[in-house]
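Reviewing the structure listed below.
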Amino acid sequence: MRPMFAPKWKKEAKLLHKGAKKFLHYKRDLLKPDRIDEIESRRADLLDAIRAGDKGKADEASKQLRATCEQALPHFPVQNAWEENVEVMFVALVVALGLRAYVIQPFRIPTGSMQPTLNGITIENDQGPDFKKPWLGQQGWELVTRGRSYRNIVAKNDAQVVGVRDKSWFLFTRTEVTFSDGSRIKIPAAEGETWNLLTDPPPPGSDRRMAKRYRKGDPILRGWVDTGDLVLVDKVSYHFRRPNRGEVFVFDTRGIPTSGISQGAMGGQDGGTHYIKRLGGVPGDTLEIRPPNLWINGVIAKEPGFVRVMESQGLFAKSNNAPPGYELASDRQSNHPRPLGELGDQFHLRDQAAPGMREYAALGDNTGNSLDSRYWGPVKEFNLAGPALFSLWPFTTGHWGFIR
């Protein structure tokens, strides 16, 4: 009789015989020798019954073979629902951390150095003594759609600001403020932005901002804080291509002298944190600023991102924060070397260097409020994290989408 016309019991018996063989192959390293011999014996009994055409013997042999296979491995305790959920969450966390470390990473923009291309955290203060927070529903809606949180913080005692300290964690930007009476508050903004809020501009002839004094009941922050744009950073591309001049990129600040907020007008960041800027130059380039233009290798920069800044195109024409074109580094930041601080200064980026030490330039689109390569020099190749890919949130800033 042809196999296709074999009775159903015989087909099922043959499939079981074949399945038991696969079971042995897949689980042999876990099976004890006596169990392997027993399974082989049961398979032989089943094969004899099939060849003899004895359905009764085949059914009995199949039953014995199934039982032997099921009992061959030790029984592990069955997980309950809680254990299964914990395992799933743990696996999801490991996958997420792996993606963040090697593929794509979310990054919160802390300062306004890239406005109006991208928004940093901004503080609106001094809304007047009659200021009141909106009702909870409006607060929740604005928090979700535009990242706005309302604050009405007043001084509890007569005190002066004696220090600010970054307390950010993951995507949550926080700065802890310490007062002379020992009290502390936390403000959801970057260290530099918070320092500017709590200090007065430097007096003529000085570059040091003066910490404010508050009397009991004085408003410290009466208004709202708008969160910076949340962007996704592509951490893969630079492994397969060279960075492109003019693109927005993220880099860490290891070895870059960006600190010193108490000595200047703009906020700094400690080494090991991250900046987001526009890639102003690649290895081998020579940069020069002749306001309002950026010159690269002896000609005015032609990349679209630079042109928008120099010619005040689009959002730059409407922004009060953006200066008309590129500015030289201000002498208020006297604690920095300022390689592009005077007319005629030229800044060359090394091309021939040890692996990881080739040099790039980082420039903020808002050059009047950007601590960048004009002040502290080059970004080394080992600092590069990747190009800024997508502005993910908030949704109402006009920046949602791919970053240019």
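Is there any pair linking a residue in the stretch 82-106 that is under 28 Å from Gly228 (Cβ atoms) and of a type outside the set (A, V, I, L, M, F, W, C) to one that is at pLDDT below 75 and not in a helix (DSSP H, G or I), with Cβ under 9 Å and at least six apart or on different chains, and which? The qualifying pairs are Pro106/Phe170; Pro106/Leu171. Taken across the stretch 394-401, residues that are more than 24 Å from Val236 (Cβ to Cβ), modelled with pLDDT under 90 and of a type in the set (S, T, N, Q) do occur, with at least one present. Scanning the stretch 88-105 for residues that are part of a helix (DSSP H, G or I) and either surrounded by fewer than 11 Cβ atoms within 10 Å (Cβ to Cβ) or modelled with pLDDT of 75 or more (or both) yields a total of 12.
If you go through the stretch 373-388 and keep only what is buried (at least 21 other Cβ atoms within 10 Å of the Cβ) and among the aliphatic types (A, V, I, L, M), you end up with Val379, Ala388. Candidates are the residues of the stretch 309-367 that are farther than 22 Å from Val282 by Cα and surrounded by 21 or more Cβ atoms within 10 Å (Cβ to Cβ); the one that is modelled with the lowest pLDDT is Ala322.
Quick check: is even one residue across the stretch 233-243 of a type in the set (Val, Ile, Thr) and under 30 Å from Pro283 (Cα atoms)?
The answer is yes; a qualifying residue exists.
Annotation note: Cβ proximity below 7 Å between a residue of the stretch 235-261 that is surrounded by 15 or more Cβ atoms within 10 Å (Cβ to Cβ) and a residue that is part of a loop (DSSP other than H, G, I, E, B) and at pLDDT 90 or above (sequence gap 6+ or interchain) occurs for Pro243/Val282; Arg245/Val282; Arg245/Glu303; Gly246/Glu303; Phe249/Pro243. Cβ separations smaller than 6 Å between residues 6+ apart or across chains give the following pairs from the stretch 26-42 residues that are farther than 13 Å from Leu73 by Cβ and assigned by TED's automatic domain parsing to the domain that holds Leu65 to residues that are surrounded by 13 or more Cβ atoms within 10 Å (Cβ to Cβ) and aliphatic (A, V, I, L, M): Arg42/Leu65.
Taken over the stretch 10-60, the criterion of being closer than 24 Å to Gln71 by Cβ and over 60 Å from the mean Cα position of the chain (by Cα) is satisfied by Ala44, Asp45, Leu46, Leu47, Asp48, Ala49, Ile50, Gly56, Lys57, Ala58, Asp59, Glu60.
Yes or no: Val162 in a strand (DSSP E or B), under 30 Å from Thr258 (Cα atoms), free of Cβ contacts under 8 Å to residues at least 60 places away in the same chain and touching a helix residue (DSSP H, G or I) at 6+ places or on another chain (Cβ under 7 Å)? Answer is no for this residue. Can you confirm whether Arg108 is surrounded by fewer than 18 Cβ atoms within 10 Å (Cβ to Cβ) and either of a type in the set (D, E, K, R) or modelled with pLDDT of 85 or more (or both)? No. Whether any residue in the stretch 205-212 is outside any strand (DSSP E or B), in contact (Cβ under 8 Å) with a residue 12 or more places away in the chain and buried (at least 18 other Cβ atoms within 10 Å of the Cβ) is what I want to check. Taking every residue of the stretch 205-212 in turn, at least one turns out to be outside any strand (DSSP E or B), in contact (Cβ under 8 Å) with a residue 12 or more places away in the chain and buried (at least 18 other Cβ atoms within 10 Å of the Cβ). Screening Glu193 on (1) under 22 Å from the mean Cα position of the chain (by Cα); (2) assigned to a loop (DSSP other than H, G, I, E, B) shows it passes everything except condition (2). Filtering Gly246, Gly223, Gly217, Gly255 for residues that are more than 16 Å from the chain's Cα centre (by Cα) and not in a loop (DSSP other than H, G, I, E, B) leaves a single hit, Gly223. Determine, yes or no, whether Leu392 is in contact (Cβ under 8 Å) with a residue 24 or more places away in the chain, within 19 Å of the chain's Cα centre (by Cα) and either farther than 18 Å from Gly120 by Cβ or surrounded by fewer than 22 Cβ atoms within 10 Å (Cβ to Cβ) (or both). Here the answer is yes, as Leu392 does meet what is asked. Do the conditions hold for Arg350, that is, is it among the basic types (Lys, Arg) and in contact with a Ser or Thr (Cβ under 8 Å, 6 or more places away or on another chain)? No: the conditions fail for Arg350.
The values are calculated or read from the model by the stated rules, or taken from the named source; none is laboratory data. All values derive from a computational prediction rather than experimental measurement. With ideal geometry, Cβ positions are generated from the backbone for all residues, glycine too; neighbour counts draw on all protein chains shown.
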